[in-house]
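> One structure is given below, represented as structure tokens, and several questions about it will come after.
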Amino acid sequence: MTARDVIGELRKRYDELTNSQKRIAETIVEDPQFVAFATVDKFAARLGVSPSTIVRFSYRLGLSGYPELQDQVRELVLDKLRSDGSEHDGSTSHLGETVYAESLRHDAELLARTAERLELDDLDRAVELLVDARRVRVTGGVTTYSVAYYTAVSLDRVRGSVALLTANPPPTGAVLDMSEGDVLLAFTFAPYARSTRGILAAVKRRGASVIAVTDSPISPLRSQVDVLLPAAVSGIGTQNSLVAAMAVANTIVNGVSGRSPEGLERYSDTVRLLNDWDVFVLEPDGEP
């Protein structure tokens, strides 16, 4: 069985696999570099399954065991490296001069510009405020709502007392309850949602701290916030890309997680609770 046959076999048999086997298959497809050089014990530990589950998975593909599976994945990785070196010039060149390649290049540039603009002291201060806060509220209007929603859910999994503020209905009660010791994390970009600016101003008047992820270090919000984290936002078409905003959100969540001593335990408890409620298609822990 060749390396390409392994991927084809995984796609063909995916629906027949157990939950644990599906997670193994997804890891092989999504992160073959890891699988190519990880021991069976390390692979098993990453997925929270037993090494024997991975060995049985190899047998199911008609292989003699994990070493043969790993050999096939290594061949896949090497084939990709050879292909990238001999046929492609740049991470998106195989897409040609298309709108897809242009969009991906633009997003990469946004991430690079954002990394250049972010200051370590500002990130540290933002994370410190979020870790020490009594309560955290997150908001974002119109298109940035999706980023705010993701951030609120992710933060709530590693620290308590996190909630999302939405414009409809107006969060009057939640805003009135905020005071010194609370923190608002706001995502807002030009032309700046009126609802977000209103929430930000009201919360600030009540003595709470405000962290804003916005489009420029010299944003008009500069004087209204305690910490400003810039994220480059622009687009090649009608819609601005929020890739950099999401990257900053991930940076914040990872920072809070790293400084929250009980964050991992809370995250594990959250996942177990969601599993009890049958939220996931695949089992998040252990074997089926």
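The values are calculated or read from the model by the stated rules, or taken from the named source; none is laboratory data. None of these values were measured; they are calculated from a predicted model. Heads up, the Cβs are rebuilt from the backbone with ideal geometry, glycines too, and the neighbour counts pull from every protein chain shown.
> Please verify whether Pro191 is touching a strand residue (DSSP E or B) at 6+ places or on another chain (Cβ under 6 Å), outside any helix (DSSP H, G or I) and within 30 Å of Glu102 (Cβ to Cβ), treating the condition exactly as stated.
So Pro191 fails the test.
> While we're looking at this one, here's another question. Evaluate segment 252-264: report whether one residue or more is in contact with an Asp or Glu (Cβ under 7 Å, 6 or more places away or on another chain), of a type in the set (A, V, I, L, M, F, W, C) and part of a helix (DSSP H, G or I).
The answer is no, given that none of the residues of segment 252-264 is in contact with an Asp or Glu (Cβ under 7 Å, 6 or more places away or on another chain), of a type in the set (A, V, I, L, M, F, W, C) and part of a helix (DSSP H, G or I).
> With respect to Thr143, determine if the residue is part of a helix (DSSP H, G or I), among the hydroxyl-bearing types (Ser, Thr, Tyr) and crowded, with 22+ Cβ neighbours inside 10 Å.
Criteria not met by Thr143.
> Taking segment 170-191 only, how many residues are in contact (Cβ under 8 Å) with a residue 40 or more places away in the chain, of a type in the set (Gly, Ala, Ser) and surrounded by 14 or more Cβ atoms within 10 Å (Cβ to Cβ)?
Of the residues in segment 170-191, 1 are in contact (Cβ under 8 Å) with a residue 40 or more places away in the chain, of a type in the set (Gly, Ala, Ser) and surrounded by 14 or more Cβ atoms within 10 Å (Cβ to Cβ).
> Sticking with this structure for a sec: Could you list, in sequence order, the residues of segment 1-52 that are small (Gly, Ala, Ser), assigned to a loop (DSSP other than H, G, I, E, B) and in contact (Cβ under 8 Å) with a residue 60 or more places away in the chain?
Gly48, Ser50, listed by residue number.
> Shifting gears a bit: If I filter segment 217-267 down to residues being among the hydroxyl-bearing types (Ser, Thr, Tyr) and farther than 22 Å from Ser146 by Cα, which single residue comes out as surrounded by the most Cβ atoms within 10 Å (Cβ to Cβ)?
Looking at residues that are among the hydroxyl-bearing types (Ser, Thr, Tyr) and farther than 22 Å from Ser146 by Cα, I get Ser260.
> Something else now. Condition first: free of Cβ contacts under 8 Å to residues at least 40 places away in the same chain and buried (at least 22 other Cβ atoms within 10 Å of the Cβ). Can you find one or more residues in segment 120-133 that meet it?
no
> Output the number of the condition that Ala101 fails; it satisfies all remaining conditions of (1) small (Gly, Ala, Ser); (2) at pLDDT below 85; (3) in contact with a Gly (Cβ under 9 Å, 6 or more places away or on another chain).
(2)
> Can you tell me which of Arg159, Arg125, Arg137 is under 17 Å from Val256 (Cβ atoms), assigned to a strand (DSSP E or B) and among the charged types (D, E, K, R)?
Arg137
> Is it true that Ser257 is in contact (Cβ under 8 Å) with a residue 60 or more places away in the chain and in contact with a Gly (Cβ under 7 Å, 6 or more places away or on another chain)?
When the stated conditions are applied, Ser257 passes them.
> On to the next question. When only residues in segment 15-40 that are farther than 18 Å from Gln72 by Cα and surrounded by fewer than 19 Cβ atoms within 10 Å (Cβ to Cβ) count, which is farthest from the chain's Cα centre (by Cα)?
Ranking the candidates gives Glu16 first.
> What number goes with the only condition from (1) surrounded by 20 or more Cβ atoms within 10 Å (Cβ to Cβ); (2) farther than 24 Å from Ser268 by Cβ that Gly62 does not pass?
Gly62 satisfies all of (1) surrounded by 20 or more Cβ atoms within 10 Å (Cβ to Cβ); (2) farther than 24 Å from Ser268 by Cβ except (1).
Yes or no, residue by residue, for (1) over 25 Å from Asn250 (Cα atoms); (2) among the hydrophobic types (A, V, I, L, M, F, W, C):
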| position | (1), (2) |
| --- | --- |
| Ala167 | no, yes |
| Thr172 | yes, no |
| Asp177 | yes, no |
| Leu200 | no, yes |
| Lys204 | no, no |
| Val210 | no, yes |
| Asp215 | no, no |
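> Looking at (1) at pLDDT 80 or above; (2) more than 19 Å from the chain's Cα centre (by Cα), can you tell me which one Val233 breaks?
(2)
> Answer yes or no: is there a residue in segment 154-162 that is buried (at least 21 other Cβ atoms within 10 Å of the Cβ) and at pLDDT 95 or above.
No, segment 154-162 contains no residue that is buried (at least 21 other Cβ atoms within 10 Å of the Cβ) and at pLDDT 95 or above.
> OK, next. Scan segment 202-216 residue by residue and report those that are surrounded by 14 or more Cβ atoms within 10 Å (Cβ to Cβ) and either outside the structural domain of Glu116 (by TED's automatic domain parsing) or small (Gly, Ala, Ser) (or both).
Within segment 202-216, Ala202, Ala208, Ser209, Ala212, Ser216 qualify.
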